[in-house]
There are 2 protein chains.
Amino acid sequence: MEMRERSFVTAEEVAKLAGVSRSAVSRTFTDGASVSEGTRKKVLQAAETLGYHVNHLARGLSHERSNIVCLVVSDVSTPYQAQMIDIVTKKLQSVGKIAMLINTVGSAEEVAAAMRQTVNYRAEAVIVLSGTPSPSLIATCLSNGQRVILINRDDQLSGPTNIVVQNGPAGREAYQLLKRAGCARLAIVSSTAGTPSLMARETAFIAAAQEDGRDVQIMRTGPTGYATGAEAARQLFGRATTPDGIFCITDLLAMGCMDVARDEFGIMVPDELSIIGFDDIDQAAWIAYNLTTFRQPLGAIAEHIASLLASDGSTASANETISFHPVPVWRRSVRPRAPRSGE
Amino acid sequence: MEMRERSFVTAEEVAKLAGVSRSAVSRTFTDGASVSEGTRKKVLQAAETLGYHVNHLARGLSHERSNIVCLVVSDVSTPYQAQMIDIVTKKLQSVGKIAMLINTVGSAEEVAAAMRQTVNYRAEAVIVLSGTPSPSLIATCLSNGQRVILINRDDQLSGPTNIVVQNGPAGREAYQLLKRAGCARLAIVSSTAGTPSLMARETAFIAAAQEDGRDVQIMRTGPTGYATGAEAARQLFGRATTPDGIFCITDLLAMGCMDVARDEFGIMVPDELSIIGFDDIDQAAWIAYNLTTFRQPLGAIAEHIASLLASDGSTASANETISFHPVPVWRRSVRPRAPRSGE
DNA sequence: CCGAGATTTGCACGCGCGTGCAACATTGCT
DNA sequence: AGCAATGTTGCACGCGCGTGCAAATCTCGG
């Protein structure tokens, strides 16, 4: 502990101090290796004294597993992404993996650079939470023996494992909720992002509405976020006929929308306006919002990721799509039932 | 690209395909190495064909720099932490480092395990955002040549680099703001976490108040978060004399507090109650809150971290504390000025 | 006390890479 | 042409570790 080598302690040094061979040190820290209790004690003692820690990088060099899993994400500070990172990293750690976080802005070049980094660091798996890596990049990762897991990037690329949430049913259910609440003038607050996952929610809602012969206004005033929801509300409620039921394809959009509707237009939620979001971020449960929304089963998703990494990878079919069902979370941003007609 | 080796491509294979020695391949991907234009072309061509990427793990084995920086964090999904992670990882990447995220629950054992992981993976630096690693663990990291950077964990341990925000002045300024707003009955909403950083805000506020001979109620009803702020408000406003000026040592606390005050007690903010938070998380700017708060200069902090990692590390003094000034962010949760007395 | 079997230990090799050193090729100048 | 200077290439070694293999040690019954 008093060594001022300014460098990492090696097994060699531990071996010298313990008076054994380097192999003995190595075996002491290798599960299932054969070491006598005596030398193990000596080695552990020496290791403790020197502050020795096995070099996982060197270990992974010969052994095939690096235990490194890369997360490719953008908008890390966004509640949804942050929650995902939180849960996934915890789960990864619980199965002995360690997470590398690659923060992109979602542009094609940055995502490409991120994917290359994952193979530079010999990550045994790549989990893509944002952006859409090109098929050739994915192919490179796969051919290098990495597992590639795309989450809610349901372009349904062949090769990687796709984990998706069933947006369609949720979109339809959102419509049913608003219908049951007696909403007559429907709107969707969407974003310009246009990712398949978000589009699916939107189109399913519209499809369900059209089956009832009802029209839906669509707002798409910017990227997926609070400010865009706010702007959408300003435009929606600045018009002659204002909506009384809004499906926001994201909780953040819903919150921006709700805040502007209430603060700038004096609209009461849910009495005059019912709003539904998606994701069930922490803020959705806050008193100020009390947002009815759909929860993505992040726990189950993380669990599935862990099981994927645990499985050999060769046994599992390469092109696999697993879908999870978002569960509706009832709160108070949707009117409980239709008002009486004369009210 | 068509190779189905199910394993990473090595420089050896590239060399064979390109018809050069492995050294040539290595030099092609090493800055400043001497390779003729001809062989470089051949190598790059072969590398592209095979999908070769330099193994950074092996590179770091002989070379001293792993370029890996570990972030030790808990409560990753919290807006403040998420924002910190976002900014720091971006900055790290911009200077060629890659971030490993170690997610702890803050318990001593988990933090200890996290610190050990950092040396297992030969991280060249450890950035601690949550939890308090024991001095001996820090010593181990330092003696192994790692940089240890503690952020807002201002126990002022000797050895690591401490980056702190000046909580004291901010706490005093918070008091001045409330005083100027004419608040007569002051309260602090704090948490049971009791980290020095949070305590500093609290004690500075109280000290400033006491210099004016004024008393301050202190609420400490749980961990640092929304629910605790909400609970604090329930207790505060359930009493006979209710506060009209509250300093919440965290934005999340402020939001919980504000929501309950408004929703459950019908209190108008800022007319009847002025609230100040701390951190300036994204939600503070939301219309529903419009929270006056203090912004931590995260950009400058990240910049400083980057410069620390760029510097040799041997030149910089080991035991260093850099402090940054939080900047007040004026919004509308504090009454602009004192009301007329007869109002 | 002896020997067969079980256990432990050390040696040596390889994992993929960077790099010093010497051999080799190229260039430019007289 | 001759020669020095410059540029390029390959060899071999080491980074820290796991592990197969054979030598060494231990165990235990006869």
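The values are calculated or read from the model by the stated rules, or taken from the named source; none is laboratory data. In this text, all values refer to a predicted model and were calculated from it rather than measured experimentally. Note that each Cβ is placed from the backbone with ideal geometry, even for glycine, and that neighbours are counted across all protein chains shown.
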| query | Quick check, is B:Glu109 more than 8 Å from chain A (Cβ to nearest Cβ) and over 20 Å from B:Thr195 (Cα atoms)? | reply | no
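Conditions (1) aliphatic (A, V, I, L, M); (2) in a helix (DSSP H, G or I); (3) more than 23 Å from A:Asp215 (Cβ to Cβ), marked per residue:
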{"site": "A:Ala227", "(1), (2), (3)": "yes, yes, yes"}
{"site": "A:Ala230", "(1), (2), (3)": "yes, yes, yes"}
{"site": "A:Gln235", "(1), (2), (3)": "no, yes, no"}
{"site": "A:Pro243", "(1), (2), (3)": "no, no, no"}
{"site": "A:Phe247", "(1), (2), (3)": "no, no, no"}
{"site": "A:Gly256", "(1), (2), (3)": "no, yes, yes"}
{"site": "A:Ala261", "(1), (2), (3)": "yes, yes, no"}
| Answer residue from region A:263-287, given it is within 16 Å of B:Pro79 (Cα to Cα) and assigned to a helix (DSSP H, G or I) and is farthest from the other protein chains (Cβ to nearest Cβ) among those | A:Ala284
| said: For region A:164-177: of the residues being surrounded by fewer than 23 Cβ atoms within 10 Å (Cβ to Cβ) and in contact with a helix residue (DSSP H, G or I) (Cβ under 9 Å, 6 or more places away or on another chain), which is farthest from A:Asp215 (Cα to Cα)? | reply: A:Val164
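Quick one: in region B:214-264, which of the residues that are among the charged types (D, E, K, R) and touching a residue at least 40 places away in the same chain (Cβ under 8 Å) is nearest to B:Gln176 (Cα to Cα)?
B:Asp244
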| query | How about region B:84-100: which of its residues are more than 12 Å from A:Asn103 (Cα to Cα) and either in contact with a helix residue (DSSP H, G or I) (Cβ under 7 Å, 6 or more places away or on another chain) or at the interface with chain A (Cβ under 7 Å from one of its Cβ atoms) (or both)? | reply | B:Met84, B:Val95
| note | Looking across region B:55-92 at residues that are outside any helix (DSSP H, G or I) and within 13 Å of DNA strand D (Cβ to nearest atom), the single one that is nearest to B:Ala114 (Cα to Cα) is B:Ser66
| query | Is there a residue being over 18 Å from A:Gly159 (Cβ atoms), within 13 Å of the chain's Cα centre (by Cα) and modelled with pLDDT of 95 or more anywhere in region A:64-74? | reply | yes
| task | Would you check which residues across region A:105-121 are surrounded by 16 or more Cβ atoms within 10 Å (Cβ to Cβ) and among the hydroxyl-bearing types (Ser, Thr, Tyr) and list them? | result | A:Thr118, A:Tyr121
| task | Kindly provide the set of residues from region A:33-42 that are within 11 Å of DNA strand D (Cβ to nearest atom) and not polar (S, T, N, Q), ordered by number. | result | A:Ala33, A:Val35, A:Glu37, A:Gly38
| request: Please specify each residue of region A:178-235 satisfying the condition of being over 20 Å from A:Ser74 (Cβ atoms), of a type in the set (Gly, Ala, Ser), surrounded by 19 or more Cβ atoms within 10 Å (Cβ to Cβ) and modelled with pLDDT of 95 or more. | output: A:Ala187, A:Ala204, A:Ala208, A:Ala209, A:Ala230, A:Ala232, A:Ala233
| Those residues of region A:28-66 which are within 14 Å of chain B (Cβ to nearest Cβ), of a type in the set (Lys, Arg) and within 11 Å of DNA strand C (Cβ to nearest atom), in sequence order | A:Arg59
| said: For a quick check of your reading of the model, give me the residue pairs whose first member lies in region B:54-81 and is under 21 Å from B:Ser134 (Cα atoms), whose second is aromatic (Phe, Trp, Tyr) and within 8 Å of DNA strand C (Cβ to nearest atom), with beta-carbon atoms closer than 6 Å and at least 6 apart or on different chains. | reply: none
| Somewhere in region A:20-27, is a residue assigned to a loop (DSSP other than H, G, I, E, B), surrounded by 15 or more Cβ atoms within 10 Å (Cβ to Cβ), within 12 Å of DNA strand C (Cβ to nearest atom) and free of Cβ contacts under 8 Å to residues at least 24 places away in the same chain? | yes
| request: Could you please let me know if A:Thr195 is under 30 Å from B:Lys97 (Cα atoms), more than 18 Å from the chain's Cα centre (by Cα) and of a type outside the set (Gly, Ala, Ser)? | output: no
| message | Just checking: which of the helices (runs of 4 or more DSSP H) contained wholly in region A:131-211 hold 3 or more residues that are over 21 Å from A:Val327 (Cβ atoms)? | response | A:135-143, A:196-211
| query | Across region A:310-334, what is the number of residues that are modelled with pLDDT of 90 or more and away from chain B (no Cβ under 14 Å)? | reply | 10
| request: Please determine, by comparing only the residues of region B:6-19 that are surrounded by fewer than 14 Cβ atoms within 10 Å (Cβ to Cβ) and away from DNA strand D (no atom under 13 Å from the Cβ), which one is nearest to B:Gly38 (Cα to Cα). | output: B:Ser7
| Give me the pairs: first residue in region B:99-126 and free of Cβ contacts under 8 Å to residues at least 12 places away in the same chain, second residue in a helix (DSSP H, G or I) and surrounded by fewer than 24 Cβ atoms within 10 Å (Cβ to Cβ), beta-carbon distance under 6 Å, and six or more apart or on different chains, which are they? | B:Asn120/A:His56
| query | Taking region A:265-279 only, how many residues are surrounded by fewer than 24 Cβ atoms within 10 Å (Cβ to Cβ) and in contact (Cβ under 8 Å) with a residue 40 or more places away in the chain? | reply | 3
